[in-house]
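Undergrad: Let me begin by handing over the structure; questions about it come next.
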């Protein structure tokens, strides 16, 4: 049962994003917001569609008309978080300098993985992974795998154009992503935010891109 404070926090957050949308898109967003709130606070398996419907103030049937199942709703919530942080195919413009594209990606990727809700969902998946491994797989397929695929596709195209010289594009994409996470990501996961140096993180990200390009720019 949600406390009055919990419901107030949820609805303030929703009301700030609901303006200027169609009724259907508002319902869609409302359901996603309620779902992510429930998943984070109650866990995936302790969250029912009925509970999400109650928080979103919609019917259970309305949820099923937008999403086929709780699993699809969880996947959509992860994908929505990527869209909010603009980690999408539009970043990867093959007509602009490689460094500019990768720096844009680096900053948006960092904003995504440092997002408080993203951290909470990741922690949820880790905590439930032994008992419910399918939850971790849903998260991986909807988030990390899709982001890596976008970066891999871009690197392949730039390889074909001769802008990059990479023997194994899949490995190179992994190298860049894990390098960009850096110290700040692990401090955030451990809730040691007081040890993070926000002012230096942007510089760190760009140094990762420069190191990556030194290794993969044709001689």
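The values are calculated or read from the model by the stated rules, or taken from the named source; none is laboratory data. Being a predicted model, the structure only gives us computed values, none of them experimental. Please note: Cβ atoms are built from the backbone with ideal geometry, for glycine as well, and neighbour counts cover all protein chains shown.
Undergrad: Would you confirm whether or not segment 107-115 contains a residue that is assigned by TED's automatic domain parsing to the domain that holds residue 173, in a loop (DSSP other than H, G, I, E, B) and either more than 24 Å from residue 132 (Cα to Cα) or at pLDDT below 90 (or both)?
TA: Checking segment 107-115: at least one residue is assigned by TED's automatic domain parsing to the domain that holds residue 173, in a loop (DSSP other than H, G, I, E, B) and either more than 24 Å from residue 132 (Cα to Cα) or at pLDDT below 90 (or both).
Undergrad: What number of residues within segment 157-170 are part of a helix (DSSP H, G or I) and either over 14 Å from residue 213 (Cα atoms) or in contact (Cβ under 8 Å) with a residue 24 or more places away in the chain (or both)?
TA: Total meeting the criteria: 4.
Undergrad: Return the total of residues in segment 90-104 being part of a loop (DSSP other than H, G, I, E, B) and surrounded by 18 or more Cβ atoms within 10 Å (Cβ to Cβ).
TA: 1
Undergrad: When residue 107 is evaluated against the numbered criteria (1) closer than 18 Å to residue 173 by Cα; (2) out of contact with any helix residue (DSSP H, G or I) (no Cβ under 7 Å at 6 or more places or on another chain); (3) surrounded by 13 or more Cβ atoms within 10 Å (Cβ to Cβ), which criterion, by number, is the only one it fails?
TA: Of everything listed in (1) closer than 18 Å to residue 173 by Cα; (2) out of contact with any helix residue (DSSP H, G or I) (no Cβ under 7 Å at 6 or more places or on another chain); (3) surrounded by 13 or more Cβ atoms within 10 Å (Cβ to Cβ), residue 107 misses just condition (2).
Undergrad: Might you check whether a residue that is modelled with pLDDT under 95, under 19 Å from the mean Cα position of the chain (by Cα) and buried (at least 18 other Cβ atoms within 10 Å of the Cβ) occurs anywhere in segment 170-179?
TA: No: zero hits.
Undergrad: If you don't mind, there's one more thing I want to ask. Filter segment 24-57 for residues that are without any contact (Cβ under 8 Å) to a residue 24 or more places away in the chain and assigned to a loop (DSSP other than H, G, I, E, B) and give the result.
TA: 46, 47, 48, listed by residue number.
Undergrad: Okay, moving on. Of the residues that make up segment 81-89, is at least one modelled with pLDDT of 90 or more and part of a helix (DSSP H, G or I)?
TA: Yes: segment 81-89 contains one or more residues that are modelled with pLDDT of 90 or more and part of a helix (DSSP H, G or I).
Undergrad: For segment 124-149, what are the residues that are more than 13 Å from the chain's Cα centre (by Cα) and part of a helix (DSSP H, G or I)?
TA: 124, 125, 126, 127, 128, 133, 134, 135, 136, 137, 149
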